[in-house]
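Below: the structure, in structure tokens.
The values are calculated or read from the model by the stated rules, or taken from the named source; none is laboratory data. Small disclaimer: the values here were computed from a predicted structure and weren't measured. Quick reminder, even Gly has a Cβ in these numbers, built from the backbone with ideal geometry, and neighbours come from all protein chains shown.
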Amino acid sequence: MFDPRPVLFLIGLLLCPLACAMLPSALLDLWVHDGDWMVFAASAGTTLLVGLGLVLGMRAPRAKVLSVRQICLGVVLGWTVAVLFASLPFALGRDALDWTDAIFEAAAGLTATASTLLPPPERLGAGVLLWRSVLQWMGGLGALAMAVAVLPVLRVGGMEIFRVEGGVGDAVRFGLSRTGVKVFGLYTALTLAALAALIACGLPPFEAGLRAMAVLSAGGYPLGAPMAGGWAGLVLLAGMIAAGLPFPVLVRALEGDWSAVRNSRQLRWYAGVLTVASAALIAWGMLVRGAGWGEALTLGPAAAAGALTGTSPGMVSGGFPATLLLFLGLLGGCAGSVTGGIKIFRLRLLVAGAWSQMRLLLHPHAVLSARDEAQTVTTDIRESVMGFLLIYALTFAALALSLALFGLDFESAVVQAARAIADFGGGTGPGPGFAAQPDGVKATLTIGMILGRVEIYPVLVLFAPTFWES
Amino acid sequence: MGGVLRPVFFVTGVLLLGLGAIMAIPAAWEAILRGPDVRAFAVSAMATAFFGGALALSSWGGGGVDLSGRRLVLAMVAGGLSACACASLPFALSDLDIAPIDAVFEAVSGLTTTGATLIPHLDQAPKGVLLWRAILNGLGGLGAVVMAVAVLPALRIGGMQMFRMETSDRTGRVKTRASRTARTAAGLYLLLCLLAAAAFRLAGMAPFDALCHGLSAISTGGFSTRDGSLAAWGAGVQWVAVAAMIAGASPLPIFTASWRRWPAVVREDGQFRAYLALLAGSAAALALWRWASSDADAVESLRQAVFAVVSIATTTGFVDGDWLRWGGFAHVALFLLAFVGGCAGGAGGGVKAFRWRVLLSRTGAHIRRLLHPHGMFVIDLGRRRVGEVVINSVMAFVALYMVTFALFALGLAATGVGLPSALAGSAAALGNVGRGLGTGWLSLPDPAKLITMIEMLLGRFELFTLFVLVTPGFWKR
């Protein structure tokens with residue numbers, strides 16, 4: 001058995017900022033004379049107490065390098081425990097969700113899925129509104145930390161190609177301290193920029209703040225209410241697109257290394273998918289739905305970007321958009337972004353693999369030239385990607401089966417399973433009357449959202465028979 | 001170019017000549033029964049035979065036919081497509097009064113052993129047409145078996161090189177040993193069709209229905225002679241169908257061993273064993289669900305569940321009722337099973353069991369390697385070691401399968417089909433399943449029929465064979 005103390009220490013480190021993040025909601029409620037401020041204060045106190053206790057009590061004698069097992073356990077426990085504490089305000093607050101619902105709500109927030117079981121925004125207190133948005137924004141931070149420091153080290157589904165040099169445990173610390181700080185800074189700066197732009201467009205500051213956090217974290221909480229049109233709509237669209245970009249690449253570009261952007265193939269694919277999907281939705285809107293230029297041009301790209309980044313499904317309806325948005329949501333944005341889903345680079349690697357197989361069919365003895373992209377990607381990495389896709393598909397299948405077992409019909413089961421695992425909610429809630437669904441459905445979706453956010457592997461490793469052996 | 005393609009034309013011509021000859025069977029049947037469609041079949045048979053004969057004669061160059069590499073791919077595709085076109089003639093000319101695109105759809109669906117039908121009233125359809133549909137299923141299954149045993153391993157498509165005969169060299173030429181195995185497998189296949197027909201007869205079907213269902217069950221096609229498919233017969237017939245469908249989807253080459261060794265052969269064949277286990281597990285789960293969620297008793301639930309699971313997973317598509325009424329769980333489970341497909345070496349479609357198994361064990365090894373970076377993990381399938389080349393090939397196939405499924409589902413949705421039907425229709429067409437997943441084939445708009453037809457062909461030709469035709473490199477010298 002390995003030493004669990006560094007893991008618990010890490011969890012304590014996570015809980016302290018979570019507690020601090022509850023304070024703005026408490027202050028806001030206190031300011032608008034909402035009784036919920038006590039709930040937030042009490043939740044923050046509890047969380048901080050536990051967090052500090054873990055930090056102080058579990059401090060390892062020497063700063064040791066984390067092993068793969070410790071990282072996996074830390075990731076899984078970290079997200080789960082954070083979700084549990086984040087659910088406190090929902091369970092104890094005025095809307096008093098029961099525990100299943102509160103945990104669902106917290107998981108939806110922290111994984112930046114942004115499905116909701118709460119009443120519509122206009123009936124919610126200011127503190128709860130702020131708390132949901134802050135949760136998804138912190139979820140975005142967590143997603144970035146995973147993408148920059150944890151997943152490449154664990155070599156989850158080909159993420160090792162984004163790996164920073166160094167040993168396993170070193171790389172986590174190194175990734176977090178060097179790239180991580182800059183990436184977090186960029187994320188914050190982009191959010192502030194969106195906030196400023198939205199205020200400049202005439203949105204009230206509070207709403208502007210909520211929406212800025214929603215788009216940059218690819219969460220989408222208050223977007224359930226009709227999305228702002230006009231200039232504000234453009235800002236939101238830009239924010240969503242930015243959320244799907246690879247942040248480490250952006251950081252390198254800002255440091256003057258533009259070749260990082262030029263050489264990033266996933267960036268090109270991201271732009272391509274976004275363009276094609278937007279064009280398809282615009283064409284569908286105009287040709288089939290009979291929408292005008294203005295409407296189609298506004299709704300189409302917003303829906304495409306919203307689905308690809310897992311932010312908001314937008315305001316389009318119909319069989320074709322539903323199918324397209326389902327697949328876009330499953331696809332997700334770039335690796336190193338805040339989005340969920342399979343990630344575009346994996347699709348690219350697989351297509352490249354299929355392409356080289358086709359060439360082998362034509363020229364059985366061909367040695368693929370060095371220019372051939374598939375050649376530089378080793379079998380090991382492609383296998384890693386394919387393994388990920390397989391695990392992803394199996395998890396999706398298990399979630400859909402489980403949802404159907406608890407009584408959902410085919411369409412809802414498939415769509416909800418996909419949305420949960422791709423962390424694609426969009427503030428609208430999983431559907432009308434969803435709060436009345438059995439607890440099993442909500443629990444399944446909660447598990448699905450967390451699995452999607454940690455990219456499944458860390459959880460799976462915990463179940464490997466050799467994990468708990470010494 | 002003409003000289004290079006001569007063998008391709010020749011093979012296609014011979015194939016059509018054979019098809020024309022076989023078309024004479026339903027023509028004779030109609031003539032004996034004084035059915036309405038004698039002329040339709042006679043004209044189609046003559047036209048097909050004439051066209052095929054002309055093609056074969058004009059391209060007959062004497063000596064052997066050298067089919068290797070690209071020409072083999074081209075011959076397969078050209079033969080398949082022209083067979084589909086000619087096979088649709090009787091439907092178009094018959095009394096059925098269906099649109100040309102529906103006739104082509106019916107032929108494609110038959111020859112790819114999909115089994116989705118656009119004929120609205122099978123119960124009143126002429127016997128000759130019903131027989132022709134069953135024959136198309138049978139021929140399609142035969143083609144699939146021969147392709148799986150002799151052609152795909154030589155072309156090394158989607159990891160099928162695993163099943164290559166040891167003696168065949170690397171030029172992609174179909175060698176004698178392979179063709180002998182193919183002949184044995186084909187013989188076994190035809191024998192199974194006859195056995196299944198006899199069993200259906202014993203279980204209480206009329207001789208004509210027994211013959212038709214024998215062909216469509218072993219081929220995992222799924223064309224029936226009734227609108228309600230197998231709902232028209234009792235439990236006995238359905239158990240026979242279950243056995244026949246499994247036989248059709250099983251890897252036939254392993255049964256070319258002496259029958260005394262069959263138990264040992266099944267035990268050693270990793271693919272078939274895993275496949276049977278999957279069928280049993282899924283059927284058990286579905287039976288439990290059916291038993292718990294309806295008023296059917298235990299035996300009835302078990303029969304219904306086994307039938308449904310086997311029908312979808314073997315990509316046959318016989319139905320005995322409306323499975324979608326069983327609720328969401330059954331619907332989702334059957335949808336997922338449509339991706340499994342049969343075993344490599346059989347008539348079933350879909351991804352094929354061995355590919356899933358290779359991927360699964362490879363992924364398991366990958367996870368273990370996360371924990372033990374320096375461990376060595378070996379993958380095998382039964383007694384065969386799975387090498388890196390095969391794994392690459394399998395991964396490419398499965399990835400392409402998923403992407404194709406998604407793109408065609410999008411295409412279907414763009415023609416105005418709803419989300420559930422688009423997903424189910426794409427899976428059912430690509431996997432050559434056909435009926436049973438809730439796609440209202442009869443109500444599909446024309447563009448959707450075209451899309452699903454292409455998908456059926458893609459599925460049957462194992463994707464790469466067709467996709468490679470549209471790469472620019474294929475047509476270069």
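Would you confirm whether any residue within the range B:172-186 is surrounded by 23 or more Cβ atoms within 10 Å (Cβ to Cβ), at pLDDT 80 or above and of a type in the set (Ser, Thr, Tyr)?
First pass over the range B:172-186, keeping only residues surrounded by 23 or more Cβ atoms within 10 Å (Cβ to Cβ): B:185.
Still in the running and at pLDDT 80 or above: B:185.
Now restrict to residues that are of a type in the set (Ser, Thr, Tyr): none.
No - not one qualifying residue is present in the range B:172-186.
For B:Leu458, are the conditions met, namely being more than 10 Å from every other protein chain (Cβ to nearest Cβ), closer than 25 Å to A:Leu361 by Cβ and within 12 Å of the chain's Cα centre (by Cα)?
On the way: more than 10 Å from every other protein chain (Cβ to nearest Cβ): yes; closer than 25 Å to A:Leu361 by Cβ: yes; within 12 Å of the chain's Cα centre (by Cα): yes.
Yes, satisfied.
Which residue, of B:Ser282, B:Ser250, B:Ser224, is surrounded by 15 or more Cβ atoms within 10 Å (Cβ to Cβ) and under 30 Å from B:Lys127 (Cβ atoms)? Full working, then the answer.
Details: B:Ser282 fails: under 30 Å from B:Lys127 (Cβ atoms); B:Ser250 fails: under 30 Å from B:Lys127 (Cβ atoms).
Result of the check over B:Ser282, B:Ser250, B:Ser224: B:Ser224.
Would you check if B:Pro445 is within 14 Å of another protein chain (Cβ to nearest Cβ), at pLDDT 90 or above and crowded, with 18+ Cβ neighbours inside 10 Å? Don't jump to the end; show me each part of the working.
Details: within 14 Å of another protein chain (Cβ to nearest Cβ): yes; at pLDDT 90 or above: yes; crowded, with 18+ Cβ neighbours inside 10 Å: no.
So B:Pro445 fails the test.
Search the range A:219-277 for residues being among the small types (Gly, Ala, Ser) and in contact with an Asp or Glu (Cβ under 9 Å, 6 or more places away or on another chain), and hand back the single one that is modelled with the highest pLDDT.
It comes out as A:Gly219.
Could you tell me whether any residue of the range B:307-320 is closer than 23 Å to B:Trp239 by Cα, free of Cβ contacts under 8 Å to residues at least 40 places away in the same chain and within 14 Å of chain A (Cβ to nearest Cβ)?
Residues of the range B:307-320 that are closer than 23 Å to B:Trp239 by Cα, as a first pass: B:307-320.
Now restrict to residues that are free of Cβ contacts under 8 Å to residues at least 40 places away in the same chain: B:309.
Imposing the further condition that a residue be within 14 Å of chain A (Cβ to nearest Cβ) reduces the set to B:309.
Yes, the range B:307-320 has at least one match.
Among A:Leu399, A:Leu403, A:Leu451, which is surrounded by 18 or more Cβ atoms within 10 Å (Cβ to Cβ), assigned to a helix (DSSP H, G or I) and either more than 11 Å from chain B (Cβ to nearest Cβ) or at pLDDT below 90 (or both)? Steps first, please.
Working: A:Leu399 fails: either more than 11 Å from chain B (Cβ to nearest Cβ) or at pLDDT below 90 (or both); A:Leu403 fails: either more than 11 Å from chain B (Cβ to nearest Cβ) or at pLDDT below 90 (or both).
Among A:Leu399, A:Leu403, A:Leu451, only A:Leu451 is surrounded by 18 or more Cβ atoms within 10 Å (Cβ to Cβ), assigned to a helix (DSSP H, G or I) and either more than 11 Å from chain B (Cβ to nearest Cβ) or at pLDDT below 90 (or both).
Within the range B:234-247, can one find any residue that is out of contact with any His (no Cβ under 7 Å at 6 or more places or on another chain) and modelled with pLDDT under 90?
yes
What do you reckon, is B:Ala428 within 14 Å of another protein chain (Cβ to nearest Cβ), under 23 Å from B:Met245 (Cβ atoms), touching a residue at least 24 places away in the same chain (Cβ under 8 Å) and in a helix (DSSP H, G or I)? Break it down stepwise before answering.
On the way: within 14 Å of another protein chain (Cβ to nearest Cβ): yes; under 23 Å from B:Met245 (Cβ atoms): yes; touching a residue at least 24 places away in the same chain (Cβ under 8 Å): yes; in a helix (DSSP H, G or I): yes.
It is true that B:Ala428 is within 14 Å of another protein chain (Cβ to nearest Cβ), under 23 Å from B:Met245 (Cβ atoms), touching a residue at least 24 places away in the same chain (Cβ under 8 Å) and in a helix (DSSP H, G or I).
Which pairs do you get when a residue that is within 14 Å of another protein chain (Cβ to nearest Cβ) and in a helix (DSSP H, G or I), found in the range B:73-101, comes within reach of a residue that is surrounded by 17 or more Cβ atoms within 10 Å (Cβ to Cβ) and at pLDDT below 95, reach meaning Cβ atoms under 6 angstrom, with the pair 6+ apart or on two chains?
From the range B:73-101, the pairs are B:Val73/B:Thr465; B:Leu74/B:Val8.
Being modelled with pLDDT of 85 or more, farther than 28 Å from B:Ala413 by Cα, surrounded by fewer than 21 Cβ atoms within 10 Å (Cβ to Cβ) and more than 10 Å from chain B (Cβ to nearest Cβ), is that true of even one residue in the range A:428-438? Let's see the steps before the verdict.
The first filter runs over the range A:428-438 and keeps only residues modelled with pLDDT of 85 or more, leaving A:438.
Subset that is farther than 28 Å from B:Ala413 by Cα: A:438.
Then drop every residue that is not surrounded by fewer than 21 Cβ atoms within 10 Å (Cβ to Cβ), which leaves A:438.
If we keep only those that are more than 10 Å from chain B (Cβ to nearest Cβ) as well, we get A:438.
There is at least one residue in the range A:428-438 that is modelled with pLDDT of 85 or more, farther than 28 Å from B:Ala413 by Cα, surrounded by fewer than 21 Cβ atoms within 10 Å (Cβ to Cβ) and more than 10 Å from chain B (Cβ to nearest Cβ).
Being basic (Lys, Arg) and over 18 Å from B:Leu334 (Cα atoms) is the filter here, so list the residues in the range B:235-290 that pass it.
Let us first name the residues in the range B:235-290 that are basic (Lys, Arg), namely B:260-261, B:267, B:273, B:290.
Those that are basic (Lys, Arg) and over 18 Å from B:Leu334 (Cα atoms): B:Arg260, B:Arg261, B:Arg267, B:Arg273.
Read through the list (1) surrounded by fewer than 22 Cβ atoms within 10 Å (Cβ to Cβ); (2) within 30 Å of A:Leu360 (Cβ to Cβ); (3) facing chain A (nearest Cβ under 7 Å), then give the number of the only condition that B:Leu407 fails.
Exception for B:Leu407: condition (3).
I'd like to verify a number: residues in the range B:304-327 that are surrounded by 24 or more Cβ atoms within 10 Å (Cβ to Cβ) and not hydrophobic (A, V, I, L, M, F, W, C), how many?
Of the residues in the range B:304-327, 6 are surrounded by 24 or more Cβ atoms within 10 Å (Cβ to Cβ) and not hydrophobic (A, V, I, L, M, F, W, C).
Let's see how each residue does on (1) surrounded by fewer than 22 Cβ atoms within 10 Å (Cβ to Cβ); (2) farther than 27 Å from A:Leu210 by Cα; (3) aromatic (Phe, Trp, Tyr); (4) under 27 Å from the mean Cα position of the chain (by Cα):
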{"site": "A:Leu28", "(1), (2), (3), (4)": "yes, no, no, yes"}
{"site": "A:Met38", "(1), (2), (3), (4)": "yes, no, no, no"}
{"site": "A:Ala42", "(1), (2), (3), (4)": "yes, no, no, no"}
{"site": "A:Thr47", "(1), (2), (3), (4)": "no, no, no, yes"}
{"site": "A:Gly53", "(1), (2), (3), (4)": "yes, yes, no, no"}
{"site": "A:Leu56", "(1), (2), (3), (4)": "yes, yes, no, no"}
{"site": "A:Leu84", "(1), (2), (3), (4)": "yes, no, no, yes"}
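Kindly provide the set of residues from the range A:109-132 that are touching an Asp or Glu at 6+ places or on another chain (Cβ under 9 Å) and among the aliphatic types (A, V, I, L, M), ordered by number.
A:Ala112, A:Ala114, A:Leu117, A:Leu118, A:Leu124, A:Ala126, A:Val128, A:Leu130
In the range B:187-215, which residues are within 19 Å of the chain's Cα centre (by Cα) and of a type in the set (A, V, I, L, M)? Spell out the reasoning first.
As a first pass, look at the range B:187-215 and keep what is within 19 Å of the chain's Cα centre (by Cα): B:187-194, B:196-197, B:211-215.
Selection gives B:Leu188, B:Leu190, B:Leu191, B:Leu192, B:Leu194, B:Ala196, B:Ala197, B:Leu211, B:Leu215.
So B:Val77 fits all but one of (1) under 21 Å from B:Lys449 (Cβ atoms); (2) over 19 Å from the mean Cα position of the chain (by Cα); what number is the exception?
Checking B:Val77 against (1) under 21 Å from B:Lys449 (Cβ atoms); (2) over 19 Å from the mean Cα position of the chain (by Cα), the one that fails is (2).
Checking B:Val240 against (1) surrounded by fewer than 24 Cβ atoms within 10 Å (Cβ to Cβ); (2) out of contact with any Gly (no Cβ under 6 Å at 6 or more places or on another chain), which single condition isn't satisfied?
Of (1) surrounded by fewer than 24 Cβ atoms within 10 Å (Cβ to Cβ); (2) out of contact with any Gly (no Cβ under 6 Å at 6 or more places or on another chain), only one is false for B:Val240: (1).
In the list B:Arg435, B:Arg385, which residue meets the criterion of being within 20 Å of the chain's Cα centre (by Cα) and at pLDDT below 90? Spell out the reasoning first.
Values: B:Arg385 fails: within 20 Å of the chain's Cα centre (by Cα).
Answer to the selection: B:Arg435.
So which residues in the range B:410-425 are facing another protein chain (nearest Cβ under 9 Å) and part of a helix (DSSP H, G or I), if there are any at all?
Within the range B:410-425, B:Leu410, B:Leu412, B:Ala413, B:Ala414, B:Leu419, B:Pro420, B:Ser421, B:Ala422, B:Leu423, B:Ala424 meet the criteria.
Tell me which residues, restricted to the range B:461-472, are surrounded by fewer than 13 Cβ atoms within 10 Å (Cβ to Cβ) and either at the interface with another protein chain (Cβ under 10 Å from one of its Cβ atoms) or touching a strand residue (DSSP E or B) at 6+ places or on another chain (Cβ under 9 Å) (or both). Steps first, answer last, please.
Residues of the range B:461-472 that are surrounded by fewer than 13 Cβ atoms within 10 Å (Cβ to Cβ), as a first pass: B:470, B:472.
Selection gives B:Val470 alone.
I'm checking my understanding of the structure. Among residues of the range A:306-324 that are crowded, with 24+ Cβ neighbours inside 10 Å and within 14 Å of A:Val415 (Cβ to Cβ), which one is nearest to the chain's Cα centre (by Cα)?
A:Gly310
Given the residues A:Gly139, A:Gly169, which is the only one that is at pLDDT 90 or above and part of a helix (DSSP H, G or I)? Lay out the reasoning, then the answer.
On the way: A:Gly169 fails: at pLDDT 90 or above.
Going through A:Gly139, A:Gly169 in turn, just one is at pLDDT 90 or above and part of a helix (DSSP H, G or I): A:Gly139.
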